[in-house]
1. Counting pairs of alpha carbon atoms under 8 Å apart in space and at least six apart in sequence, what relative contact order in percent does region 1-158 give?
2. Within region 1-96, report the GluC sites (Glu not before Pro) that DSSP leaves as loop and that have at most 15 other Cβ atoms within 10 Å.
3. Report the Cα-based extents of region 2-125 along its three principal axes, largest first, to the nearest Å.
4. Is the C-alpha gyration tensor of region 98-153 telling us rounded, prolate or oblate? Criteria: a/c under 1.5 is rounded; beyond that, a/b larger than b/c is prolate, otherwise oblate.
5. How big is the charge dipole of region 100-208 about its Cα centre, in debye rounded to the nearest 20, if each Lys and Arg gets +1 on its Cβ and each Asp and Glu gets -1 on its Cβ?
6. Provide Trp349, Trp242, Trp334 in ascending order of the number of other Cβ atoms located within 10 Å of each residue's Cβ, fewest first.
7. Tell me, what HN-Hα J-couplings in whole Hz come from the Karplus equation 6.51 cos²θ - 1.76 cosθ + 1.60 at θ = phi - 60° for each residue of region 442-448, using x for Gly and Pro?
8. At q = 0.23 Å⁻¹, what log₁₀ I(q)/I(0) does a Debye calculation on the Cα points of region 179-284 give, no solvent, two decimals?
Amino acid sequence: MKDDLALNMNEVVNYLKKTPKEFTKADMIKFVEEKEIKMINFRYVAGDGRLKSLNFVINNREYLEQILSCGERVDGSNIFPAFMHAGSSDLYVIPRFRSAFVDPFAEIPTLSFLCSYFNKDGQPMENSPEYVLKKAAASFTQVTGMEFQAMGELEYYVIGDTEDLYLSEDQKGYHEGSPFTKFEQFRTECMLYIAKIGGLIKYGHSEVGNFTMEDKIYEQNEIEFLVTDVQDAADQLVLGKWVIRNLAYQYGLNVTFAPKITAGKAGSGLHIHTRIVKNGVNQMIEKGSLNSIAKSAIAGYMSCASSLTAFGNTNPTSYFRLVPHQEAPTSICWGDRNRSVLVRVPLGWTTANDMVAMVNPMEKPANDDFSQKQTVEFRCPDGSADIYLLLAGLTVAARHGFEMEGALDFAKKTYVDVNIHKSENKEKLMSLAQLPASCAESAEQLSTHRNIFEKHGVFNSEMIDDIIKHLKSYNDANIRQEISNDNDKMLELVHKYFHCG
C-alpha cells in the first residue's frame, strides 16, 4: 500500500500513508499537530454552484476536536435561497475527512475540508446536491448490483493581454504547444495544484477555441480527470474549478467556464465520461465491444437526455453552444468516435495490441488488456452545470436504462454511424429527437421526466419544482431567434453569466 501511495501529491495522503477513504478524525488531529497547521477551512457548495468558505483559527486541541466532531452551523437561506427561508434556515456543515487537503493558496498553513449539509435533526439535508448524488449512486447499486463511475473534462477560456509574437490561427488551437499557445505554463501549474489537493488528473491540453477580441486574447484549454467513484468525481470537478479561478487571479488573468462567449467561436463544454464497474472490473465491455450493460445505460441517457439539460445546461447562454457545426450535440443519438452525437464511445484500447513495442524495439510484446479504460461520454453539459446534480441525473438516467422496457431496442434505434449534419444524412437527422433550445424547453422536459428522477427518493418533488421554476424564470423560449441578429444583446447575456457555476 505504501508503494501505491508513494507518488501521490496530496500532502495529507503522503504524510499519513493512507488512502483518503481511510482518514479518521485522529489522523486529522495528528496531521494538524505534527505539520503545525494554524487554520482549518470548511468549504461547501452553495446553490450557485460555487464553493463557500468558513475559516477557523485553531485556538487549542479541545477546539480542534470540537470543530472536527461537531462541524458548524451556517445560514441556509443565503446558501440555498431558492428553497430555504430565513425563518428556519440553520444548517450544519460537517467535514468529510476523506476530502482533506492543504490549501495551496493560503499563506498561513491551512487544512481544508469539503463539507456535507445536515438539518436541525442531525439528518442529511434532503435537497443538498451532494446528498442527492449520494442517493443516486446508492440507488444505482441497489438496482443493478454495480457501481457508477465518472470523470469530467473541464473546458475553459483563459483571457489575457494580446501579443504579436507566434500567433495561432483562429479556431485552430487544438493541442497547440508553446510559444503558439500563451497559457500552457498556467494550465500545467493548475494541474499540479489540483493534484496536490487530491484531484486525479489524466491530462491537460489547449483546445480548439482561440481568438482575439479588442486588446485581449482568448485561449481555450482543457483539464481532464481520471475515472473514479461518481461522488469523488464531482468533488474533484468542483475543486478543479476553484483552483483554476484562484490561480488565474494570482496570475492577473481572467478565466471563464461559460458555455459560449461569442458567436462563431467554439464554446466550452463539460463532457462527462461514465463507466460501470463491479469489484473494480469494467462491466461495459465484452470481447472488445460494448455489451448489453453499456447499451442499457446508453438507452437511459438517450431516454432522459432532454431533461438532463436541466442540470447540465442551466442558463440561456447554454443554448448558444448547442447548435450544429460547433462540435456540440443537438440531436439525441449516440455513436462510436463520432463528435456530432450526444453520447460518444471513444477509442478504448479494446483490441489486442502492443503499440508500445512496435515503436520501442527494446520493449517485449506484452499484449496487456487495457479495456478497463473504455468509457462512454455524455457531451451536452457545460460549465453552467450544478456538478453534483448533473452527475446525480446521469446516474439516475443510467439506472433508468436498466429499468425501462425495450432498452436495447431503443439503444439500437438511436445509434448513428454517420455525420448526421451532412446533407446526404438529412433523413437520419430528421428521425432523431432534438435537445431543448432554451431553459424554458428544458424545464418542460424535466416536468415530463420528473418521475424518473424522483423514483427511489433520489430527487424530491420540492427540488424538481424549484429547478423548473428557476429555468422558467429566464423567459428565454425564443432566445435563439431574439439573439441571432443582435450581437450586443448576446454579449450582455454572456457578461451576465460569465462566471457561472
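1. 19 percent.
2. Working: sites: Glu11, Glu22, Glu33, Glu34, Glu36, Glu62, Glu65, Glu72; in loops: Glu36.
Counting only loop positions with at most 15 other Cβ atoms within 10 Å, the GluC sites (Glu not before Pro) in region 1-96 are Glu36.
3. 50, 30, 29
4. Details: a/c = 3.28, a/b = 1.54, b/c = 2.13.
Taking the square roots of the gyration eigenvalues as a ≥ b ≥ c, region 98-153 is oblate.
5. Charge dipole, region 100-208, about its Cα centre: 640 debye, nearest 20.
6. In order of increasing Cβ crowding within 10 Å: Trp349, Trp242, Trp334.
7. 4, 4, 4, 5, 5, 4, 5
8. -1.37
Read the figures in this text as sums done on the coordinates, not as results from a lab. Just so we're clear, the structure is a prediction, and the values are computed from it rather than from any experiment. Positions of Cβ are backbone-derived with ideal geometry, glycine not excepted, and every protein chain shown enters the neighbour counts.
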